[in-house]
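Down below is the structure, laid out as structure tokens.
Every read-out reported here was derived from the displayed coordinates using simple, explicitly stated rules and does not represent laboratory data. For clarity, every value in this text was computed on a predicted model and none was experimentally measured. Cβ placement follows ideal geometry from the backbone for every residue including glycine, while neighbour counts extend to all protein chains displayed.
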Amino acid sequence: MTQAQQQKQANRFLLLYALAAAGGAISYTPFITLLLPVRITAMVGSGDIEWLAYATFFGALASSGGNILFGWLSDKSGVRTPWIVAGLVLSSLLLLSFSLVDDIRLLVLVMIVWQLAVNMMLAPLTAWAGDCVPDVQKGTLGGLLSLSPALGALSAAFVTLPGLAGPDGRLWLVAGLVAAFVLPALLYGRPRPFPDLMDDTGMSRDAGHDERSATSPFTVARMWLARLLIQISEAALFAYLYFWFRTVDPVMTDARVAQIFSVILVVSVPVALTAGRWADRVNRPFLPLPVAAVGAAVGLLLMALSDTLLSAMIGYVVFGVSASVFLAIHGGQTLRVLPRPSNRGRDLGLFNLTNTTPSLVMPWLTLALVPVFGFSGLFFALTICAALAALLLLTLPRPL
């Protein structure tokens, strides 16, 4: 048994790291989901949807490339925290600079540069967990990562509270929240060193072409594709959920949809924490993943068959909780399967493509299916995606 398996990382670092990861979510969630659309509408009026599409599309491309680039640079430099600090400072300054932008084309350009700076912080921050958290705690780490989307959504609600701050003041609030969540881990985390987690030699012996190896190319590919399939399902729901609920019940309001979404976020955190800790305790690191993928498939199937608002909400809650747990646990266990610590940041950047690619795939999938088959056709297709994800993960090396 290696040193990394015998010892555990301090709980202090795990908790502070979870807050830092949540700070990463706060760095982009309020701005992209609320503050950016409002700012674009104020600038261009009726052309806001088109320009928002441009900004988010090119921003997603910059995010994808930036995550790989800065993950790779943090690998080559051999340090993570200086990159995290630099990204935190630059992304905060660029976020505040949006208040000075009065031209829509310039806004798109600043959006691209801001996304690069955000990923200068996020890429090494994600890889830092792989450097510091041994395999026996990666389930717990995944459970703690479920805090990120919940706190990201709560931050969006907080900064937009009526009377709290104006449009420019909200940018300052977001920047302050990000610093408050990220800096404690950098200043006070003091993680215990685990040399085995940084040793390419020991890892690479298991990383050949043996499909039974946890770090084989076959395992990595299945983990990547399974996450992509679940992310496609979640991206489709995120964009079109309100419209679907209105087809089930025309009196459905956006406030009620937001309440359902909040319930999912609240429930997902304890479920993910319980599943992650259980996986660590019984040494079944991957088992929660196919279980959660099956849960997502069941939820999507219920949604496809729903003809009442109650059944629709039940289906969405089942899907939402399952998908949230899947993505959180997957984030922790991905660190287990990457074959070489020296390329950890770069490889995590490639996994990050599963987060950005669905935004490019989802509109075409929706346009192809909904006009012909309705939302039920879309949900049946997404059910197949989630079921395929479960099947891919059931073939991972034992023990699951």
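Residues in the range 16-21 carry Karplus couplings, in order, of 5, 5, 4, 5, 5, 4 Hz; the curve used is 6.51 cos²θ - 1.76 cosθ + 1.60 with θ = phi - 60°, and Gly or Pro positions show x. Kirkwood radius, the range 3-198, all distinct C-alpha pairs, inverse of mean reciprocal distance: 17.4 Å.
Over all alpha-carbon pairs in the range 261-346, figure out the percentage whose distance exceeds 20 Å. So the pairs more than 20 Å apart make up 42 percent of the total in the range 261-346.
When peptides 171-179, 24-32 are ranked by their average number of other Cβ atoms within 10 Å per residue, the highest-first order is 24-32, 171-179. Between the listed residues PHE57, GLN7, TYR28, the Cα displaced farthest toward the positive end of the dipole of the range 1-118, a dipole computed from Cβ unit charges relative to the Cα centre, is found at GLN7. The charge dipole of the range 3-198, taken about its Cα centre with unit charges on the Cβ atoms of Lys, Arg (+1), Asp and Glu (-1) only, comes to about 560 debye. Calculated mean residue ellipticity at 222 nm for the chain: -27000 deg cm²/dmol, from DSSP H runs with n ≥ 4 weighted as -39500 (n - 2.57), summed, divided by the residue count and rounded to 500. Kirkwood hydrodynamic radius computed over the chain comes to 21.6 Å, based on all pairs of distinct alpha carbons. Of the two radii for the range 217-394, the radius of gyration is 0.99 times the Kirkwood radius, both from the alpha carbons; that is the Rg over Rh value. Residues SER77, SER63, SER342, ranked from the fewest to the most other C-beta atoms within 10 Å, line up as SER77, SER342, SER63. 3J(HN,Hα) couplings calculated from phi for the range 28-37 with the Karplus curve 6.51 cos²θ - 1.76 cosθ + 1.60 (θ = phi - 60°) are, in sequence order, 10, 4, x, 5, 5, 7, 10, 5, 5, x Hz; Gly and Pro show x. For the range 290-304, backbone phi angles converted through the Karplus equation (6.51, -1.76, 1.60; θ = phi - 60°) give residue-by-residue couplings of x, 4, 5, 5, 4, x, 5, 5, 4, x, 5, 5, 4, 5, 5 Hz, Gly and Pro being listed as x. Given +1 at the Cβ of Lys and Arg, -1 at the Cβ of Asp and Glu and no other charges, the dipole of the chain around its Cα centre is 920 debye to the nearest 20.
Normalised radius of gyration for the range 1-98, please: alpha carbon Rg relative to 2.2 N^0.38 Å, two decimal places. Could you put the intermediate results ahead of the total?
Details: Rg = 18.1 Å, N = 98, 2.2 N^0.38 = 12.6 Å.
Against the compact-globule rule of thumb, the ratio is 1.44.
For the range 52-163, the fraction of C-alpha pairs more than 23 angstrom apart is 41%. Multiplying the residue separation of VAL263 and PHE243 by 0.36 nm and subtracting their alpha-carbon distance yields 5.3 nm. For a quick check, take a GNM of the chain with Cα springs below 10 Å and name the residue from THR354, THR366, THR253 with the largest mean-square fluctuation. Largest GNM mean-square fluctuation: THR253.
Can you give me the Kirkwood hydrodynamic radius for the range 70-128, using every pair of distinct Cα atoms, in Å to one decimal? List each step's numbers first, then the result.
Working: mean 1/r = 0.0850 Å⁻¹.
When all Cα pairs of the range 70-128 are included, the Kirkwood radius is 11.8 Å.
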